[in-house]
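Asks: Just passing along the structure, written as structure tokens.
The values are calculated or read from the model by the stated rules, or taken from the named source; none is laboratory data. Just so it is clear, the structure is predicted and the values come from calculations on it, not from any experiment. Reconstructed Cβ throughout: ideal geometry from the backbone, glycine too, with neighbour counts over all protein chains shown. Side chains are part of the model used for accessible areas, which takes the heavy atoms of the whole protein and leaves out ligands, DNA and RNA. Shrake-Rupley method; radii C 1.70, N 1.55, O 1.52, S 1.80 Å.
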Amino acid sequence: MTTFLIMIVIFVVLVFAGIPIAFCIGISSMSALLIDGISLEFMAQSAFSGLNSFTYLAIPMFILAGLVMESGGLSKRIVAFASTLVGNVYGGLGIIAVIACAFFAAISGSSPATVAAIGSMLVPTMIRKGYDKDFSGALVASSGTLGVLIPPSIPMILFAVTAEVSVSKMFMAGFLPGFLLTFALCVLVNFISRKKGYKTDEGKFHLANVWQKFKEAFWALMAPVIILGGIYLGFFTATEASVVAVIYSLLVGLFIYKEIKLKELPGIFTAAVTTTGTVVIILGFATTFATYLIMSGIPDQLGTAILSITNNRLIILTLFVVLVFFTGMFIETAALILIYTPLFLPMLRNLGVDPIHFGIIMVMGTQLGMMTPPVGVNLFVAQGISGSSIPGLTKKIMPFIFVMLAVQLVLIYVPQIVMFLPNFVK
């Protein structure tokens, strides 16, 4: 436990010193190994064995698919279709942003990609229509988090591999929570817009217009149908589905919408490789971090300490939500999942918590870290799009955080929302 505390102190100091999170994890893990006299070869071996997973191949493929769909005009058509679903109501354009993020999330599986794709199209429009730029940026930064809750989801894949549970069941479990959170965000946007007088001129709801935009967006909307339908019907695994997503988005972008030029492909591939490289470095070091924790018996000690206070699984899950919220301000999503899963899952499993239920609570908790400084990736993407300041965005994003925390607590105390679909398809 002493070595563990030293490792945590080193990690926290490095985080506040501004060191990239991957190296914070790596240096703190290496320090613990040296203190305990463990060869540093263990670090390389554990990182390699942790990354040697077929399922992890889905991560670079879904990242690439999201970038291709953004460049190929799929997200643009999804936004146009979503706009027809909301008439001339308070916050209509903001509600469109939430719905569009939900649609795009079901394609890209990535939260920052969702913020970039939808925000770049809608935030400038919202500002021109009279919406406050801080509010516009905060809205997209929070709505973009649907990218990790509505499947396919990269963080869900990470959790499934770490917890050794079914990726398909994790995906299935994300649907109802994703719809619930989408609805809650739309209600919040409408409430704030009424107070601020944000009313769009998108026109009244017309079924003919919806049908027209649906036909234009048909091929874009078919992407999640093919990907998720193929997984649940057993035609391919989640990893194979990620490759299908890339091929499908390339075909649609190149030959149907014709918005991708062949000369643009190297740039798209380079961006995907850069993003993947960042994720893989974090995964490798975080695997060593998690492996050391398990070897040291830290999860058992932590479980004993918590159980000495309470053995109520609902209270423990609530405390876990608070813990993930605060640590998520400093630690990247993948690291949170890889560190906390082996720490908490064994104890919660013994208390009767289903790993799938815990996984959704975990994934949803990591969303909050994406929209809070200093490691809030979504916040930084939204800042660049809206031209706002981080303090301004942080102030406006607080209501969205409270709503998301409320939804998360509902999922804790009503686990049937999470488990209904996974149990239904048994």
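Asks: On a C-alpha basis, how far is the centre of the stretch 327-351 from the centre of the stretch 213-227 in Å? Whole number, if you could?
Replies: 35 Å
Asks: Using a 7 Å offset from the Cα along the Cα-to-Cβ direction at both residue 120 and residue 295, what is the distance between the two label points in nm, to one decimal?
Replies: Rounded to a tenth, the inter-label distance reads 4.3 nm.
Asks: Quick check for you: with a 1.4 Å probe and neighbouring chains kept, what is the accessible area per residue of the chain, in Å²? Don't jump to the answer; show the numbers that get you there.
Replies: Values: 17380 Å² over 426 residues.
Result: 41 Å² of accessible area for each residue.
Asks: Any chance you could run the full-extension gain for residue 421 through residue 164? It's 0.36 nm times the residue separation minus the Cα-Cα distance, nm to one decimal.
Replies: Using 0.36 nm per residue and subtracting the Cα-Cα distance, I get 90.6 nm.
Asks: A further question follows. Using heavy-atom solvent-accessible surface (probe 1.4 Å) with all chains present, what is the largest-first order of 165, 414, 98, 13?
Replies: 13, 414, 165, 98
Asks: Then there's this: Magnitude of the Cβ-charge dipole of the chain, K/R +1 and D/E -1, about the Cα centre, nearest 20 debye?
Replies: 1380 debye
Asks: Related question: Distance cut-off 23 Å, Cα to Cα: go down the list 196/396; 129/396; 133/261; 76/258 and report the pairs above it.
Replies: Over 23 Å apart, Cα to Cα: 133/261.
Asks: Separate question: Would you work out which of 21, 190, 359 lies farthest towards the positive end of the dipole of the chain, given +1 charges on the beta-carbon of Lys and Arg and -1 on that of Asp and Glu, about the Cα centre?
Replies: The Cα lying farthest towards the positive end belongs to 190.
Asks: Counting only protein heavy atoms, what percent of the accessible surface of the stretch 195-312 is carbon or sulfur at a 1.4 Å probe?
Replies: Summing carbon and sulfur atoms, their accessible area is 67 percent of the total for the stretch 195-312.
Asks: If a/c stays under 1.5 just call it rounded; otherwise compare a/b with b/c (prolate if a/b is bigger, oblate if not). Do that for the stretch 1-68, with a ≥ b ≥ c from the square roots of the Cα gyration tensor eigenvalues.
Replies: It is oblate, given that a/c is not under 1.5 and a/b is not larger than b/c.
Asks: Taking the 0 to 90 degree range and rounding to the nearest ten, how far is the long axis of helix 41-51 tilted relative to the main principal axis of the chain, both from C-alpha atoms?
Replies: For helix 41-51, the angle is close to 30 degrees.
Asks: Moving on. Given DSSP loops and a limit of at most 12 other Cβ atoms within 10 Å, what is the longest stretch of the chain that contains no such chymotrypsin sites (Phe, Trp or Tyr not before Pro)? Don't skip to the answer; put the middle values down first.
Replies: Values: sites that count: 54, 235.
Of all site-free stretches, the longest is 236-426.
Asks: Give the angle, between 0 and 90 degrees and rounded to the nearest 10, that separates the Cα long axis of helix 313-327 from the longest principal axis of the Cα atoms of the chain.
Replies: The helix 313-327 is inclined about 80 degrees to the chain.
Asks: Let me check I've understood the local charge: for residue 116, count other residues with C-beta under 14 angstrom from its C-beta, Lys and Arg +1, Asp and Glu -1. What total comes out?
Replies: Values: positive: 76; negative: 70.
After counting each charged neighbour, the total is 0.
Asks: At a 1.4 Å probe radius, carbon and sulfur cover how many percent of the accessible area of the stretch 20-77? Let's see the in-between values first.
Replies: On the way: 1650 of 2450 Å².
Result for the stretch 20-77: 67 percent of the exposed heavy-atom area is carbon or sulfur.
Asks: Moving on. Can you give me the Rg/Rh ratio for the stretch 339-409, using Cα atoms for both radii and the Kirkwood formula for Rh?
Replies: 1.11
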